[in-house]
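Below you'll find the structure, written out as structure tokens, and then a few comments.
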Amino acid sequence: MGRRLESDSLLSQLQKMPSAIEGLYIVSGDEQLLVIETIDGLRAAALRAGYGERVSLIMDARSDWSAVIGATQNVSLFGDRRLVDVALPTGKPGRIGGETLAKLCAMVESGALVDTLVLVSLPRLDKATRSAKWAMGLAQAGTWVDINNVGRAELPRWIGQRLARQEQQLDTATLEWMADKVEGNLLAAFQEVQKLALLYPEGKISASDVERAVLNVARYDVFGLRDSMLAGNAARAMTMLAGLRAEGEALPLVLWAVGEEVRVLARLSAAQAAGQDMPTEMRRHRIFGPREHLVRKTLDRVPARTWPAAVQHAHDIDRLIKGLKVPGRLDDPWEELGRLAMRIAISRPSPTR
């Protein structure tokens with residue numbers, strides 16, 4: 001296939017024509033909010049197209065890559081079409097992983113995977129990695145969705161587009177003011193846009209209304225919850241979570257803040273285990289200053305084996321929010337979010353670490 005598409009264009013096409021779904025998609029980028037939205041959109045499109053079974057694999061250079069090929073070969077007893085969801089948080093599959101991805105591309109191109117759809121998610125790849133045989137194979141065999149970072153200059157337009165989705169409008173000056181107030185942070189901008197949807201009806205919103213909404217910061221904010229969790233302060237994290245719930249903060253927004261941090265930490269932990277240069281990885285994830293110190297302490301405190309389970313826990317909470325049952329989880333997503341925060345906050349390194 002070998003084509004590249006923007007996320008919005010791809011998801012819009014699949015919304016209109018579910019049957020147009022192809023056999024291989026690659027989602028690459030570091031803007032976690034947009035990456036997750038794109039992946040969720042592709043999963044939903046796959047479900048509409050009849051891919052009722054899903055296999056999720058989180059891989060790195062040390063993983064058993066035979067599991068990836070195995071996931072495409074084990075046919076369901078009920079003959080269901082299958083989505084094989086492969087996450088490569090480090091962007092470094094290693095030699096065996098690279099060979100496996102190349103083999104997977106050959107299988108897709110030959111039509112060997114008739115009832116299987118493959119989704120590969122990666123961080124943004126540097127120029128050298130893009131030239132690797134496995135990466136070039138993916139680009140040739142599938143549809144590659146590059147998620148570009150939203151810089152400060154583009155943020156007002158992005159906010160305006162998100163408001164338009166909920167049938168709301170702001171003037172240009174107010175969009176610039178909002179971008180300044182969220183300090184270029186895309187997640188914070190997302191939260192403010194969602195807040196405006198809850199507070200005001202469709203149509204044009206006045207500058208004064210926006211100012212009141214944006215400056216009315218909750219006493220217990222989501223970033224304070226995140227930092228308490230990373231600092232290992234379980235009591236404060238639970239207090240802040242209870243405060244957010246009592247103040248009526250939107251649960252999806254709280255999950256975005258916690259879940260994004262968990263995913264970033266999972267990637268950093270995998271990079272650390274692979275012996276990669278951590279200062280470079282920190283810069284790549286835009287982690288600086290006091291937050292870098294907090295993140296480093298968290299990586300030292302939390303065992304590496306905790307992170308894959310924590311990422312899955314966040315995915316499970318997202319399903320609970322959407323009204324789906326998850327085996328082994330409580331029905332209340334707030335309670336499960338508390339369990340996730342506690343999982344990170346109370347983790348301690350093993351004596352042999």
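The values are calculated or read from the model by the stated rules, or taken from the named source; none is laboratory data. Remember, it's a predicted structure, so these values are computed and weren't measured experimentally. Counting neighbours? That spans all protein chains shown, and the Cβs are built from the backbone with ideal geometry, glycine included. Note: areas computed on protein heavy atoms with side chains; ligands, DNA, RNA excluded. Shrake-Rupley method; radii C 1.70, N 1.55, O 1.52, S 1.80 Å.
Listed values, structure above:
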read-out: Residues of the range 331-353 satisfying the condition of being open to solvent by 70 Å² or more (accessible area, probe 1.4 Å) and either at pLDDT 95 or above or more than 17 Å from V264 (Cβ to Cβ) (or both); value: D331, E335, R339, I346, R348, P351, T352, R353
read-out: Residue in the range 58-67 that is farthest from the chain's Cα centre (by Cα), counting only those that are among the hydrophobic types (A, V, I, L, M, F, W, C) and buried (at least 17 other Cβ atoms within 10 Å of the Cβ); value: W65
read-out: Checklist (1) in the same structural domain as E261 (by the TED database); (2) open to solvent by 70 Å² or more (accessible area, probe 1.4 Å); (3) assigned to a loop (DSSP other than H, G, I, E, B) applied to R236, failing item; value: (3)
read-out: All positions within the range 128-181 that are outside the structural domain of P93 (by the TED database), open to solvent by 60 Å² or more (accessible area, probe 1.4 Å) and either in a helix (DSSP H, G or I) or β-branched (V, I, T) (or both); value: R157, Q161, R165, T172, A173, E176, W177, D180, K181
read-out: Extreme residue, least open to solvent (accessible area, probe 1.4 Å), among residues of the range 279-291 that are in a helix (DSSP H, G or I) and not aliphatic (A, V, I, L, M); value: E281
read-out: Matching option when the condition is touching a residue at least 60 places away in the same chain (Cβ under 8 Å) and more than 18 Å from T90 (Cβ to Cβ), among L320, L241, L330, L324; value: L241
read-out: Candidates A270, A237, A257, filtered to the one that is touching a Lys or Arg at 6+ places or on another chain (Cβ under 6 Å) and of a type in the set (A, V, I, L, M); value: A257
read-out: Test: A242 is within 19 Å of P333 (Cβ to Cβ) and open to solvent by less than 20 Å² (accessible area, probe 1.4 Å); value: no
read-out: Selection from the range 108-127 of residues that are part of a strand (DSSP E or B) and in contact with a Lys or Arg (Cβ under 9 Å, 6 or more places away or on another chain); value: T116, L117, L119
read-out: Criterion violated by G248 - all others in (1) under 21 Å from A188 (Cβ atoms); (2) buried (at least 16 other Cβ atoms within 10 Å of the Cβ); (3) not hydrophobic (A, V, I, L, M, F, W, C) satisfied; value: (2)
read-out: Identity of the residue in the range 195-210, part of a helix (DSSP H, G or I) and aliphatic (A, V, I, L, M), that ends up surrounded by the fewest Cβ atoms within 10 Å (Cβ to Cβ); value: L198
read-out: Any chance R343 is more than 25 Å from I39 (Cβ to Cβ) and either out of contact with any helix residue (DSSP H, G or I) (no Cβ under 6 Å at 6 or more places or on another chain) or of a type outside the set (S, T, Y) (or both); value: no
read-out: Filtered residue count, the range 308-328, keeping only those that are more than 15 Å from S56 (Cβ to Cβ), open to solvent by 20 Å² or more (accessible area, probe 1.4 Å) and either modelled with pLDDT of 95 or more or assigned to a helix (DSSP H, G or I) (or both); value: 1
read-out: Residue check, E154 of a type outside the set (G, A, S), over 19 Å from E22 (Cβ atoms) and out of contact with any helix residue (DSSP H, G or I) (no Cβ under 6 Å at 6 or more places or on another chain); value: yes
read-out: Some residue of the range 292-304 being assigned to a helix (DSSP H, G or I), of a type in the set (G, A, S) and under 20 Å from the mean Cα position of the chain (by Cα); value: no
